[in-house]
Structure formats: C-alpha cells, structure tokens
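Each remark here refers to the structure printed beneath this line.
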Amino acid sequence: VGCAAEMSRPPPDDADAAAAHDAMIAPHRPPPTTMSDARVLANAAAARAMFQHGYDNYLEHAFPHDELRPISRTYTDSLGELGNLKREHLSETYAGVALTLIDATSTLAVLGNVTEFTRNVRWMERNLNFDADVRVNAFECNIRALGGLLSAHVIAGGDIGMLEAVRGMKGRGAFGTKGGGRGRRASSSSSSS
C-alpha cells in the first residue's frame, strides 16, 4: 500500500486530496528513530570490527584469489561463477583478480585506514591484470571490479595507476558489446566470445 500510494500521490495543487492521501499512508510509515551518540559510536565500532575481521581473514586465507570461503578457510576464484547459476563455461586457467581486495579498497578509505588503502592501490597498480580467458557476468564485473576500481581511483585523488587498471578492463569482451555483454569472455587474447 505504501509504495503504490506514494506513486499515486495527487498533485500538490489539490490540497484536500493530498491531505487525504497523507492521512491514509501515515500509519504505514515507521516512526523516526534517534540513537544516542554513544550508540552511534558503538555501532560504528562494531561495523568496523566486522569488516576488519572479514578483510583480515581474506588476506590470510584467500588473497590474491577472488573470495574467501570462510568455513573451509580456502578461496574461490569466483568472477566466472558469479551470475552463472548453471556453472557453464568455467575457465580451467583463471586464477582470480583479487576481487575482494578490489571491493574492499574504497571501504578501507571510508573507515579511515589510509595505510591499507594505499597498500592496496599500490598492489593493484603493480599486479592487477584482466587479461584472463574467463566468461564473466557483465553486471557482476561492472559493480565489483569496475566499481571498486573507479571508487578507489576517485578516493586516491585521481592516481593515474588506478586509472590504468580501469583502462585495462576496456575492450575485454563485455564492454562495448550489444545486449550488455552477458556471458562474454573477459580476455582480449581470446578469439571467441
């Protein structure tokens, strides 16, 4: 009711209808909440600790692979698996691009960990390589790899090395294709897509 009612709100020039509309949906809106400063700080500390726990375990057990498997304390090179529910056309040679590191780098900056943020940017400048023969889901690749690299680039103040890493993704099959590039290969060296 709330969403449909919000979308069909009468125009502002019809004051009576707008007032009736607002009275109808008011019971469906949650009351505003306020948190004490102490609660906000405690929640921020808990969020920082949870992030650090996951990030540290990724570095210890999975880096430079894509993702940590927390129960087995192993890794998965998942970029080719994301969005691939049937797990078809998986690469036997793909060895990951440190997807979690890319994802986490801008979060490190937001949390104020400049040292680790800088270390990640420098590692990506020297080591990140998207010349891999792997089918990827364009959406997942865009939000995780491209989004992570672009946000790190902006936060790094336009550091040219980060921009070069983003440019390395251009033309890797999924970009510039008709139909969104769903299921295309990410390698420029591959002749098939």
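The values are calculated or read from the model by the stated rules, or taken from the named source; none is laboratory data. Source: prediction; values computed, not measured. Methodologically, a virtual Cβ is constructed for each residue, glycine included, from the backbone with ideal geometry; neighbour enumeration extends over all protein chains shown. For the accessible areas, the whole protein counts, side chains as well, though only heavy atoms, and no ligand, DNA or RNA atoms are used. Shrake-Rupley method; radii C 1.70, N 1.55, O 1.52, S 1.80 Å.
Quick one: in the stretch 24-37, of everything that is out of contact with any helix residue (DSSP H, G or I) (no Cβ under 8 Å at 6 or more places or on another chain) and open to solvent by 70 Å² or more (accessible area, probe 1.4 Å), which residue is modelled with the lowest pLDDT? Lay out the reasoning, then the answer.
Going through the stretch 24-37, the residues out of contact with any helix residue (DSSP H, G or I) (no Cβ under 8 Å at 6 or more places or on another chain) turn out to be 26-27, 30-34, 36-37.
Add one more test, that the residue is open to solvent by 70 Å² or more (accessible area, probe 1.4 Å), and what stays is 27, 30-34, 37.
Details: Pro27: 63, Pro30: 66, Pro31: 67, Pro32: 67, Thr33: 73, Thr34: 83, Asp37: 88.
Among those that are out of contact with any helix residue (DSSP H, G or I) (no Cβ under 8 Å at 6 or more places or on another chain) and open to solvent by 70 Å² or more (accessible area, probe 1.4 Å), it is Pro27.
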TODO: Give the residues of the stretch 121-138 that are closer than 21 Å to Phe51 by Cβ and either open to solvent by 30 Å² or more (accessible area, probe 1.4 Å) or in contact with a Leu (Cβ under 6 Å, 6 or more places away or on another chain) (or both), sorted by residue number.
DONE: Arg122, Trp123
TODO: Search the stretch 139-165 for residues being modelled with pLDDT under 85 and open to solvent by less than 20 Å² (accessible area, probe 1.4 Å), and hand back the single one that is nearest to Lys86 (Cα to Cα).
DONE: Ala165
Open item on the list: For Gly54, only one of the following conditions fails: (1) touching a Leu at 6+ places or on another chain (Cβ under 9 Å); (2) modelled with pLDDT under 75. What is its number?
Closed with: (2)
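Is it the case, given these coordinates, that Glu60 is at pLDDT below 90 and not hydrophobic (A, V, I, L, M, F, W, C)? If you could, list the steps in order and put the result at the bottom.
Details: at pLDDT below 90: no; not hydrophobic (A, V, I, L, M, F, W, C): yes.
Against the criterion (at pLDDT below 90 and not hydrophobic (A, V, I, L, M, F, W, C)), Glu60 does not qualify.
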Open item on the list: Please count how many residues of the stretch 57-111 are in contact with a strand residue (DSSP E or B) (Cβ under 6 Å, 6 or more places away or on another chain), over 21 Å from Ala132 (Cα atoms) and open to solvent by less than 20 Å² (accessible area, probe 1.4 Å).
Closed with: 1
